[in-house]
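K.L.:
Would you mind keeping the following structure in view while I ask a few things?
The values are calculated or read from the model by the stated rules, or taken from the named source; none is laboratory data. A quick note: this is a predicted structure, and the numbers were derived from the prediction, not measured. A quick note on method: Cβ atoms are made from the backbone with ideal geometry, for glycine too, and the neighbour counts reach across all protein chains shown.
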Ligand code: HGA
C-alpha cells in the first residue's frame, strides 16, 4: 500500500517517476504526486486526487524537469484522499518527503512541532516526518544525520524517501516495516516499493533490511544498517520480464489473471512432481528433516490467503492426520500467548510477501518455540521469503488486479504439495500420493473446462447486478471456497455478500432469504452432497433464488440456475469451484460498471496494519 519511487540521475527523472507510479498503482490509487529538483532550483511539486493518470494530465502542459525526484501513489490511512493530503509533503520549501506506513506517535510529535513554530497543511501522519527532518537540519548537521535522528523519534512503520533542496543529486531512504528496494543503473540510482516499478530502467536491485538507511546519489549509494554501520547488501538480478504487466487483449487485468490460471498452475507444479509422485528433493534434506519432526501445523494469513489456509486445514488433517489451526494474522499477532512448540510448523501465506500483519506474525513466531517457519508466497524477493526457514513459491507471475485470483489457486496448489511432503512422514500411502499427484497434473485442463463456462456465467451475472446482498454456501472444504466467492463479489461489485457453511443456514441466515437474496452454492459430488442439496431445498421452499455450481454427474433437483462443473478428485474440488465464482464476481462487477482492477477503498499488498 502506498507506492514510493525515487530517482537520482544525470537525465530528467520525471518520466521514470511517472512510469514507476503507474507500475505501483496497484498499491494505492486515491491520489498521487511527485516532486523534482534541478540544481539551484526550487522543489517543483504536483499532486492530484485520483489515479496516476490525473497527475499525468495535470503536468502534461507544465514545463517540469529535474535530475532528482520522489513520487508517491497513496492509499490513505490518515486524512481523506485530497490534494493537500497527497504526498510528497514539503517542509518550508526545503525538504520533500514520501512515506509508506503509519507513524503511531505522530500526534504528540505534531503538537511539539506546532509549539516550535511548524505549520501543517495536511491531516497526514507523514507530514510530521518532513517537518522533523527540517528541524533536525536546522539544528545543524547533514541530511543523512538529520534523517537518522528523526528515525529515532518516530514510532511505527515506514518506507520513506527524503529530498533536500540544498542537496540536489541526493536522496535519503529508510525502511522499517514497509518495503523499499534500491535499483542500480549506470550513473543513476533509484528507490521503489517494489522491483516492478523500476524494471524499465534496471534489472539490478538491492533489497533493504529492516532498519536500513540509504544515502543515494548519482554516483552510488551507501547503506547504514539499524546499528548505523556501513553495510553491504547483495545485488540481485531480477528475472522478471518488464513486459509481464501487459494486459494484452483482456479488458481487465483480473480477467487476464483468471484466464492465466491453467498456465500458472502448471508452472507452480513444474519440476515438483517426478515419476508420478512428489519429487524426492522437493524440500531438500534439511527441509525433510524439519518436516519429519512436525506434529502440528499453525497457518497464519490474511484475506484470500487466509481462505487458502482454511482449505488446507481440511487436507492437512484428513490426509496427514496432523492437527492444523488457521488464524487471521491481525488477530494472531496480538495474541498474548499463542501455544507454540517445537513440533509445530508455522506457515505464513501471502501473495506479496509484504503483508504487514502476516510479516509481523512471522516475526513474532520466530521469537517463539515453533519448530520451523514456512512461507508460501509469490514474490521471491519479499521480506516473508527472506525471513522464513522454508519457502514454497507459487509462481503465479505478477498479479495486478487487486482482487486476488491466480494467486489463490496457485497457493492451493502449493499447499497440496506441502500436504504431500508432510504426508511422506505421516504415513500417507504411496497410492494416495500418486492419485493426488495425478489429479494435480490434470488441474490445468479441469480449470480450462471451468473457464469454458464463462458465457453462461456472464448471463447468470445479470441476475445479480441489481441486488444488494448475496449468500454463498458450501460444506467441508467448499466452505472456504464459498467465503472466497463472497469476498470476490464484495471486493469488486460492492454487493454485500456473506458465506456460510450450508448446515448453518437454519441457525440464522435463512431469515434473510427472499427473492432479493441470491443464494450461490458449490456442490461437488462428495459425501456431503445430499446434506447440501437438502439445505438448498430449504432455500427453495422460502422463495430464494438459487445459483448452483454442481458436479456434472449430480442431479441437483429443482433449482432456478444450475451450471455443471467438471468432475475432479474431491480434494482438488476447492480449486475448481473457485474459478466460476471468480468469473461470476467479475461479470457482476463489469455489469455494475465498477473499477474492477482497482476497487474503491482497497489496494493490493497491504503493507500497513
Ligand atoms: N500514513 C500515510 C501513508 C499511508 C500508507 O502508507 N498507506 O499504505 C498517509 O495516510 O498518507
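K.L.:
Tally up the residues in segment 333-352 that are buried (at least 24 other Cβ atoms within 10 Å of the Cβ) and modelled with pLDDT under 95, please.
P.N.:
Of the residues in that region, 1 qualify.
K.L.:
For segment 309-342, give me the residue count where each residue is assigned to a helix (DSSP H, G or I), closer than 19 Å to residue 414 by Cα and touching a strand residue (DSSP E or B) at 6+ places or on another chain (Cβ under 6 Å).
P.N.:
Qualifying residue count for the region: 5.
K.L.:
For residue 466, are the conditions met, namely being in contact with a strand residue (DSSP E or B) (Cβ under 7 Å, 6 or more places away or on another chain) and closer than 19 Å to residue 588 by Cβ?
P.N.:
No.
K.L.:
Can I ask one more? How many residues does segment 52-92 hold that are within 16 Å of the ligand (Cβ to nearest atom) and on the phi < 0 side of the Ramachandran plot?
P.N.:
Residues meeting the conditions: 23.
K.L.:
Strands (runs of 3 or more DSSP E) wholly in segment 185-242 with at least 2 residues that are touching a strand residue (DSSP E or B) at 6+ places or on another chain (Cβ under 6 Å) and crowded, with 16+ Cβ neighbours inside 10 Å - which ones?
P.N.:
In segment 185-242, 189-192, 204-207, 213-217, 220-224 are the strands (runs of 3 or more DSSP E) which contain 2 or more residues that are touching a strand residue (DSSP E or B) at 6+ places or on another chain (Cβ under 6 Å) and crowded, with 16+ Cβ neighbours inside 10 Å.
K.L.:
Something else about it: Output the residues belonging to segment 109-125 that are within 16 Å of the ligand (Cβ to nearest atom) and not in a loop (DSSP other than H, G, I, E, B).
P.N.:
109, 110
K.L.:
How many residues, within segment 590-609, are away from the ligand (no atom under 16 Å from the Cβ) and surrounded by fewer than 18 Cβ atoms within 10 Å (Cβ to Cβ)?
P.N.:
Total meeting the criteria: 5.
K.L.:
Mind checking whether some residue in segment 9-27 is touching a strand residue (DSSP E or B) at 6+ places or on another chain (Cβ under 6 Å), part of a loop (DSSP other than H, G, I, E, B), modelled with pLDDT of 95 or more and farther than 22 Å from residue 194 by Cβ?
P.N.:
No: segment 9-27 contains no residue that is touching a strand residue (DSSP E or B) at 6+ places or on another chain (Cβ under 6 Å), part of a loop (DSSP other than H, G, I, E, B), modelled with pLDDT of 95 or more and farther than 22 Å from residue 194 by Cβ.
K.L.:
I'm trying to understand the selection: among the residues of segment 42-81, which are free of Cβ contacts under 8 Å to residues at least 40 places away in the same chain and either within 19 Å of residue 96 (Cα to Cα) or crowded, with 22+ Cβ neighbours inside 10 Å (or both)?
P.N.:
Answer for segment 42-81, where residues must be free of Cβ contacts under 8 Å to residues at least 40 places away in the same chain and either within 19 Å of residue 96 (Cα to Cα) or crowded, with 22+ Cβ neighbours inside 10 Å (or both): 44, 46, 48, 49, 52, 55.
K.L.:
Let me ask something else about it. As an exercise: evaluate residue 146 against (1) within 16 Å of the ligand (Cβ to nearest atom); (2) part of a helix (DSSP H, G or I); (3) in contact with a helix residue (DSSP H, G or I) (Cβ under 6 Å, 6 or more places away or on another chain) and give the number of the one condition it does not meet.
P.N.:
Condition not satisfied by residue 146: (1).
K.L.:
Follow-up. Can you find, within segment 549-561, the residue that is surrounded by the fewest Cβ atoms within 10 Å (Cβ to Cβ) among those that are farther than 29 Å from residue 312 by Cβ and in contact with a strand residue (DSSP E or B) (Cβ under 6 Å, 6 or more places away or on another chain)?
P.N.:
560
K.L.:
Could you tell me which numbered condition residue 519 fails, if it satisfies all but one of (1) surrounded by fewer than 16 Cβ atoms within 10 Å (Cβ to Cβ); (2) touching a strand residue (DSSP E or B) at 6+ places or on another chain (Cβ under 6 Å)?
P.N.:
(1)
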